[in-house]
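Structure first, commentary second.
The values are calculated or read from the model by the stated rules, or taken from the named source; none is laboratory data. Just so it is clear, the structure is predicted and the values come from calculations on it, not from any experiment. Here the Cβ positions follow ideal geometry from the backbone for every residue, glycine too, while neighbour counts run over all protein chains shown. In case anyone asks, the SASA skips ligands and DNA or RNA and just uses the protein heavy atoms, side chains included. Shrake-Rupley method; radii C 1.70, N 1.55, O 1.52, S 1.80 Å.
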Amino acid sequence: MAHKIMIVDDAMYIRAVLKKALEGFAGNLSVLEASTGKEAVALFEQEKPDLVLMDITMPEMDGITATATICASNPGAKIVICSALGQQQMVIDAVNAGAKDYITKPFQPDQVLEIVKRNLAA
Amino acid sequence: MNNSMRIEFVQPFVDSAFSVLREVAQAKPQRGPLSLRTGTTFTSQELTSLIGVTGKVEGVVLYGMSLICAQKIVSKMLGMPITEFDEMASSAIAELANMITGNATAGLEANGFVCDITPPSLVHGIGTQITTTVPALIVPIITELGDVEINISLSLANGKD
(Lines give C-alpha, C1' and ligand atoms only; values in the text may rest on other atoms or scores of the structure.)
Protein backbone atom coordinates (compact mmCIF):
# COMPACT_ATOMS: atom_id res chain seq x y z
CA MET A 1 0.00 0.00 0.00
CA ALA A 2 1.35 3.42 -0.93
CA HIS A 3 1.74 5.96 1.85
CA LYS A 4 0.55 9.46 1.15
CA ILE A 5 2.83 12.24 2.46
CA MET A 6 2.08 15.95 2.30
CA ILE A 7 4.95 18.48 2.28
CA VAL A 8 3.94 21.97 3.44
CA ASP A 9 6.50 24.75 2.96
CA ASP A 10 6.42 28.13 1.22
CA ALA A 11 9.99 27.56 -0.03
CA MET A 12 10.18 25.71 -3.34
CA TYR A 13 13.77 24.79 -2.41
CA ILE A 14 12.73 22.99 0.80
CA ARG A 15 9.88 21.16 -0.95
CA ALA A 16 12.42 19.91 -3.53
CA VAL A 17 14.93 18.89 -0.83
CA LEU A 18 12.25 16.98 1.11
CA LYS A 19 10.97 15.25 -2.04
CA LYS A 20 14.53 14.22 -2.89
CA ALA A 21 15.05 12.88 0.65
CA LEU A 22 11.83 10.87 0.40
CA GLU A 23 13.15 9.14 -2.75
CA GLY A 24 15.26 7.10 -0.30
CA PHE A 25 12.12 5.61 1.29
CA ALA A 26 11.97 1.86 0.69
CA GLY A 27 8.18 1.60 0.28
CA ASN A 28 5.72 3.22 -2.10
CA LEU A 29 5.06 6.89 -1.46
CA SER A 30 2.91 9.49 -3.13
CA VAL A 31 3.82 13.08 -2.34
CA LEU A 32 1.45 16.04 -2.15
CA GLU A 33 2.60 19.65 -1.84
CA ALA A 34 1.17 22.80 -0.28
CA SER A 35 2.86 26.18 0.09
CA THR A 36 0.80 27.82 2.86
CA GLY A 37 -0.92 26.66 6.03
CA LYS A 38 -4.28 27.53 4.51
CA GLU A 39 -3.61 25.35 1.45
CA ALA A 40 -2.45 22.55 3.76
CA VAL A 41 -5.70 22.54 5.75
CA ALA A 42 -7.78 22.31 2.56
CA LEU A 43 -5.57 19.65 0.97
CA PHE A 44 -5.53 17.56 4.16
CA GLU A 45 -9.34 17.43 4.25
CA GLN A 46 -9.40 16.41 0.60
CA GLU A 47 -6.57 13.83 0.57
CA LYS A 48 -6.23 12.66 4.22
CA PRO A 49 -2.46 12.02 3.95
CA ASP A 50 -0.77 9.48 6.26
CA LEU A 51 1.87 12.01 7.31
CA VAL A 52 2.45 15.76 7.00
CA LEU A 53 5.84 17.52 7.01
CA MET A 54 4.89 21.06 8.06
CA ASP A 55 6.91 24.30 8.07
CA ILE A 56 6.00 27.01 10.63
CA THR A 57 6.86 30.39 9.08
CA MET A 58 4.55 30.70 6.07
CA PRO A 59 2.28 33.37 4.59
CA GLU A 60 -1.53 33.29 4.98
CA MET A 61 -1.53 30.76 7.84
CA ASP A 62 1.48 29.62 9.90
CA GLY A 63 2.25 25.95 10.48
CA ILE A 64 1.29 25.92 14.16
CA THR A 65 -2.20 27.27 13.37
CA ALA A 66 -2.54 24.85 10.45
CA THR A 67 -1.50 21.94 12.69
CA ALA A 68 -4.02 22.91 15.36
CA THR A 69 -6.77 23.32 12.74
CA ILE A 70 -6.07 19.92 11.12
CA CYS A 71 -5.76 18.10 14.47
CA ALA A 72 -9.01 19.63 15.78
CA SER A 73 -11.02 17.80 13.11
CA ASN A 74 -8.58 14.88 12.59
CA PRO A 75 -7.32 13.82 16.03
CA GLY A 76 -5.23 10.96 14.55
CA ALA A 77 -3.36 13.21 12.10
CA LYS A 78 0.39 12.65 12.04
CA ILE A 79 2.15 15.98 11.62
CA VAL A 80 5.90 16.52 11.87
CA ILE A 81 7.08 20.12 12.10
CA CYS A 82 10.10 20.94 9.88
CA SER A 83 11.20 24.44 10.81
CA ALA A 84 14.25 26.67 11.05
CA LEU A 85 12.87 27.90 14.37
CA GLY A 86 14.68 25.97 17.06
CA GLN A 87 13.33 27.65 20.21
CA GLN A 88 12.03 25.43 23.00
CA GLN A 89 8.90 27.56 23.20
CA MET A 90 8.15 26.87 19.53
CA VAL A 91 8.54 23.11 20.06
CA ILE A 92 6.14 23.31 23.02
CA ASP A 93 3.64 25.30 20.92
CA ALA A 94 3.91 22.71 18.12
CA VAL A 95 3.32 19.77 20.46
CA ASN A 96 0.39 21.59 22.09
CA ALA A 97 -1.07 22.15 18.62
CA GLY A 98 -0.93 18.38 17.97
CA ALA A 99 2.41 17.83 16.22
CA LYS A 100 3.94 14.38 16.78
CA ASP A 101 7.55 15.30 16.08
CA TYR A 102 9.84 18.25 15.33
CA ILE A 103 12.87 18.51 13.07
CA THR A 104 15.01 21.64 12.78
CA LYS A 105 16.31 22.95 9.43
CA PRO A 106 18.85 22.47 8.03
CA PHE A 107 18.42 18.69 8.10
CA GLN A 108 20.13 15.73 6.50
CA PRO A 109 18.12 13.37 4.22
CA ASP A 110 18.76 10.47 6.63
CA GLN A 111 17.18 12.44 9.50
CA VAL A 112 14.07 13.05 7.40
CA LEU A 113 13.78 9.40 6.38
CA GLU A 114 14.24 8.19 9.94
CA ILE A 115 11.55 10.52 11.27
CA VAL A 116 9.15 9.61 8.43
CA LYS A 117 9.61 5.87 9.01
CA ARG A 118 9.18 6.25 12.78
CA ASN A 119 5.97 8.23 12.47
CA LEU A 120 4.44 6.08 9.73
CA ALA A 121 5.09 3.00 11.91
CA ALA A 122 3.60 4.59 15.05
CA MET B 1 10.35 50.97 21.43
CA ASN B 2 13.69 50.89 23.23
CA ASN B 3 15.62 52.40 20.36
CA SER B 4 19.06 50.91 20.94
CA MET B 5 20.90 48.02 19.36
CA ARG B 6 22.44 45.51 21.75
CA ILE B 7 25.67 43.67 21.01
CA GLU B 8 24.26 40.51 22.69
CA PHE B 9 21.83 40.17 19.77
CA VAL B 10 24.75 39.60 17.39
CA GLN B 11 26.45 36.39 18.55
CA PRO B 12 23.43 34.11 17.93
CA PHE B 13 23.45 35.24 14.27
CA VAL B 14 27.20 34.64 13.90
CA ASP B 15 26.95 31.16 15.46
CA SER B 16 23.92 30.31 13.33
CA ALA B 17 25.46 31.64 10.09
CA PHE B 18 28.60 29.58 10.67
CA SER B 19 26.61 26.45 11.42
CA VAL B 20 24.15 26.79 8.51
CA LEU B 21 26.78 27.76 5.90
CA ARG B 22 28.95 24.82 6.97
CA GLU B 23 26.04 22.38 6.74
CA VAL B 24 24.19 23.48 3.58
CA ALA B 25 27.07 24.96 1.54
CA GLN B 26 30.07 23.06 2.99
CA ALA B 27 31.68 26.50 3.46
CA LYS B 28 34.47 27.46 5.84
CA PRO B 29 33.17 30.76 7.24
CA GLN B 30 35.16 33.36 9.13
CA ARG B 31 33.89 36.51 10.79
CA GLY B 32 35.11 39.85 9.46
CA PRO B 33 35.35 43.05 11.51
CA LEU B 34 32.11 44.19 13.13
CA SER B 35 30.94 47.72 12.31
CA LEU B 36 27.97 49.97 12.98
CA ARG B 37 26.07 51.45 10.05
CA THR B 38 25.76 55.21 10.36
CA GLY B 39 22.15 56.21 9.87
CA THR B 40 19.23 53.88 9.36
CA THR B 41 19.26 53.46 5.59
CA PHE B 42 20.47 50.23 4.05
CA THR B 43 21.25 50.14 0.33
CA SER B 44 20.68 46.74 -1.23
CA GLN B 45 23.49 44.66 -2.67
CA GLU B 46 23.12 42.54 -5.84
CA LEU B 47 21.01 40.15 -3.80
CA THR B 48 19.51 40.96 -0.40
CA SER B 49 17.31 38.73 1.77
CA LEU B 50 15.21 40.49 4.38
CA ILE B 51 13.58 38.88 7.42
CA GLY B 52 11.49 40.58 10.08
CA VAL B 53 11.81 39.67 13.77
CA THR B 54 8.92 40.10 16.21
CA GLY B 55 8.50 39.39 19.92
CA LYS B 56 10.72 40.50 22.81
CA VAL B 57 13.23 41.61 20.20
CA GLU B 58 12.00 43.27 17.05
CA GLY B 59 13.36 44.72 13.85
CA VAL B 60 14.86 43.39 10.67
CA VAL B 61 17.84 41.33 9.58
CA LEU B 62 19.25 41.76 6.07
CA TYR B 63 21.65 39.40 4.30
CA GLY B 64 23.49 41.03 1.40
CA MET B 65 25.75 39.32 -1.12
CA SER B 66 26.97 39.49 -4.69
CA LEU B 67 25.21 37.50 -7.39
CA ILE B 68 28.36 35.42 -7.95
CA CYS B 69 28.49 34.53 -4.25
CA ALA B 70 24.78 33.64 -4.29
CA GLN B 71 25.26 31.42 -7.36
CA LYS B 72 28.16 29.60 -5.69
CA ILE B 73 26.17 29.06 -2.47
CA VAL B 74 23.07 27.87 -4.35
CA SER B 75 25.19 25.48 -6.45
CA LYS B 76 26.39 23.91 -3.20
CA MET B 77 22.88 23.84 -1.73
CA LEU B 78 21.45 22.12 -4.82
CA GLY B 79 24.45 19.84 -5.30
CA MET B 80 24.94 20.96 -8.90
CA PRO B 81 26.22 24.08 -10.69
CA ILE B 82 23.53 26.57 -11.66
CA THR B 83 23.65 28.46 -14.95
CA GLU B 84 20.87 30.98 -14.28
CA PHE B 85 19.47 32.56 -11.13
CA ASP B 86 15.94 31.21 -11.45
CA GLU B 87 13.00 30.79 -9.06
CA MET B 88 14.59 27.74 -7.40
CA ALA B 89 17.84 29.66 -6.79
CA SER B 90 15.91 32.59 -5.31
CA SER B 91 14.02 30.19 -3.06
CA ALA B 92 17.29 28.59 -1.88
CA ILE B 93 18.87 31.97 -0.98
CA ALA B 94 15.70 33.09 0.80
CA GLU B 95 15.67 29.79 2.70
CA LEU B 96 19.33 30.26 3.67
CA ALA B 97 18.36 33.55 5.36
CA ASN B 98 15.35 31.83 6.93
CA MET B 99 17.52 29.04 8.37
CA ILE B 100 20.18 31.43 9.74
CA THR B 101 17.59 33.71 11.33
CA GLY B 102 15.41 30.84 12.58
CA ASN B 103 18.36 29.07 14.20
CA ALA B 104 19.54 32.38 15.70
CA THR B 105 16.21 32.78 17.49
CA ALA B 106 17.13 29.73 19.61
CA GLY B 107 20.22 31.64 20.78
CA LEU B 108 18.14 34.73 21.44
CA GLU B 109 15.66 32.62 23.44
CA ALA B 110 18.54 31.21 25.52
CA ASN B 111 19.36 34.82 26.47
CA GLY B 112 15.72 35.43 27.46
CA PHE B 113 14.49 36.99 24.23
CA VAL B 114 11.68 34.86 22.80
CA CYS B 115 10.83 35.98 19.28
CA ASP B 116 9.34 34.89 15.97
CA ILE B 117 10.29 35.65 12.37
CA THR B 118 8.47 36.58 9.18
CA PRO B 119 8.80 34.76 5.84
CA PRO B 120 11.86 36.03 3.92
CA SER B 121 11.69 38.59 1.11
CA LEU B 122 14.32 38.85 -1.61
CA VAL B 123 15.47 42.10 -3.22
CA HIS B 124 17.24 41.70 -6.58
CA GLY B 125 19.55 44.51 -7.69
CA ILE B 126 21.81 47.17 -6.22
CA GLY B 127 20.57 50.49 -4.90
CA THR B 128 17.17 49.85 -3.35
CA GLN B 129 17.03 51.82 -0.09
CA ILE B 130 15.60 50.08 2.97
CA THR B 131 15.06 52.10 6.14
CA THR B 132 15.47 50.36 9.49
CA THR B 133 14.28 51.58 12.89
CA VAL B 134 17.71 51.38 14.52
CA PRO B 135 21.20 51.57 12.97
CA ALA B 136 22.34 48.08 11.96
CA LEU B 137 25.35 46.24 13.27
CA ILE B 138 27.16 44.81 10.26
CA VAL B 139 28.76 41.38 10.49
CA PRO B 140 30.71 40.30 7.40
CA ILE B 141 30.84 36.51 7.05
CA ILE B 142 33.79 35.68 4.83
CA THR B 143 33.79 32.38 2.95
CA GLU B 144 35.63 30.91 -0.02
CA LEU B 145 32.33 31.22 -1.91
CA GLY B 146 32.20 34.99 -1.31
CA ASP B 147 31.14 37.30 1.50
CA VAL B 148 27.71 37.43 3.13
CA GLU B 149 27.07 40.71 4.95
CA ILE B 150 24.60 40.35 7.83
CA ASN B 151 22.94 43.62 8.85
CA ILE B 152 21.30 43.18 12.24
CA SER B 153 18.88 45.98 13.09
CA LEU B 154 17.13 44.75 16.24
CA SER B 155 16.03 46.38 19.48
CA LEU B 156 14.05 45.42 22.55
CA ALA B 157 10.32 45.72 22.01
CA ASN B 158 8.65 48.42 24.08
CA GLY B 159 8.25 47.42 27.72
CA LYS B 160 9.89 44.03 27.26
CA ASP B 161 13.30 44.77 28.82
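Specify the residue with the greatest mean-square fluctuation among A:110, A:50, A:101, computed from a Gaussian network of chain A linking alpha-carbon atoms under 10 Å apart.
Ranking A:110, A:50, A:101 by mean-square fluctuation puts A:110 first.
If I model a spin label as a point 7 Å beyond the Cα along the Cα-Cβ vector, how far apart are those points for residue B:111 and residue B:54 in nm?
Using points 7 Å along Cα→Cβ, the separation is 2.2 nm.
Sequence-distant or interchain residues sharing an amide H contact under 5 Å with residue A:6, placed H: which?
Result for residue A:6 returns A:32, A:51, A:52, A:53.
Taking H placed 1.01 Å from N in the peptide plane, check which residues at least 5 places from residue A:58 or on another chain put their amide H under 5 Å from its amide H.
It is A:63, by chain and number.
Over region B:1-131, with every protein chain in place, what whole percent of the accessible area is carbon and sulfur at 1.4 Å, could you tell me?
52
What does the charge add up to near residue B:66, with Lys and Arg as +1, Asp and Glu as -1, over the other residues with Cβ less than 9 Å from its Cβ?
Working: positive: none; negative: B:46, B:147.
Net charge around residue B:66: -2.
Given chain B reduced to its alpha-carbon atoms as identical point scatterers, what log10 I(q)/I(0) does the Debye formula return at q = 0.10, 0.11, 0.18 Å⁻¹?
Results for chain B at q = 0.10, 0.11, 0.18 Å⁻¹ read -0.33, -0.39, -1.07.
How big a patch of accessible area, both sides summed and in Å² to the nearest 100, lies buried between B and A at a 1.4 Å probe?
The summed interface area works out to 1800 Å².
Roughly what % of DSSP beta bridges within the protein assembly as shown run antiparallel, to the nearest 5?
Roughly 70 percent of the DSSP beta bridges within the protein assembly as shown come out antiparallel.
Determine the calculated [θ] at 222 nm for chain A from helices alone, applying -39500 (n - 2.57) to every DSSP H run no shorter than 4 residues and normalising by the residue count; nearest 500 deg cm²/dmol.
It lands at -14000 deg cm²/dmol.
Residue by residue through A:95-108, how many Cβ atoms from other chains fall within 10 Å of the Cβ on average?
Partner-chain Cβ atoms within 10 Å, mean over residues of A:95-108: 2.
Report, to two decimal places, the Cα Rg of the protein assembly as shown normalised by 2.2 N^0.38 Å (N = number of residues).
Cα Rg divided by the expected 2.2 N^0.38 Å: 1.00.
Would region A:40-122 count as rounded, prolate or oblate if I go by the C-alpha gyration tensor, calling it rounded below 1.5 in a/c and otherwise prolate when a/b exceeds b/c, oblate otherwise?
oblate
Amide H neighbours of residue B:42 under 5 Å, counting only residues 5+ apart in sequence or on other chains, H built in-plane at 1.01 Å?
B:130, B:131, B:132
Using a 1.4 Å probe, what is the accessible area per residue for region B:7-156, in Å²? Write out the running numbers ahead of the final one.
Details: 5910 Å² over 150 residues.
Accessible area per residue: 39 Å².
Using helices alone, I'd like the mean residue ellipticity at 222 nm for chain B: each DSSP H run of four-plus residues gives -39500 (n - 2.57), total over residue count, nearest 500.
-11000 deg cm²/dmol
Using θ = phi - 60° and the Karplus form 6.51 cos²θ - 1.76 cosθ + 1.60, what ³J(HN,Hα) does each residue of region A:74-88 get, whole Hz, x for Gly and Pro?
These are the phi-based 3J(HN,Hα) values: 9, x, x, 4, 9, 10, 10, 7, 10, 9, 6, 7, x, 5, 4 Hz.
How about residue A:117: which aspartates and glutamates have a C-alpha closer than 15 Å to its C-alpha, ignoring those fewer than 8 places off in the same chain?
Candidates past the 8-residue exclusion: A:23, A:50, A:101.
Given the C-alpha centroids of region A:26-58 and region B:86-128, what is the distance between them in whole angstrom?
23
Just the number please: accessible area per residue for region A:29-122, 1.4 Å probe, all protein chains included, in Å².
That works out to 42 Å² per residue.
Inside 10 Å of the C-beta atoms of B:85-95, what's the mean count of C-beta atoms belonging to other chains?
Per-residue shielding by partner chains comes out at 4.
So if each residue of separation counts as 0.36 nm, and I subtract the Cα-Cα distance between residue A:73 and residue A:42, what length gain in nm does that give?
Values: separation 31, 0.36 × 31 = 11.16 nm, distance 1.19 nm.
Result for the pair: 10.0 nm of gain on full extension.
Summarise the partner chain shielding of A:8-19 as one whole number: the mean count of Cβ atoms from other chains within 10 Å of each residue's Cβ.
Taking the mean over all residues of the peptide, I get 5.
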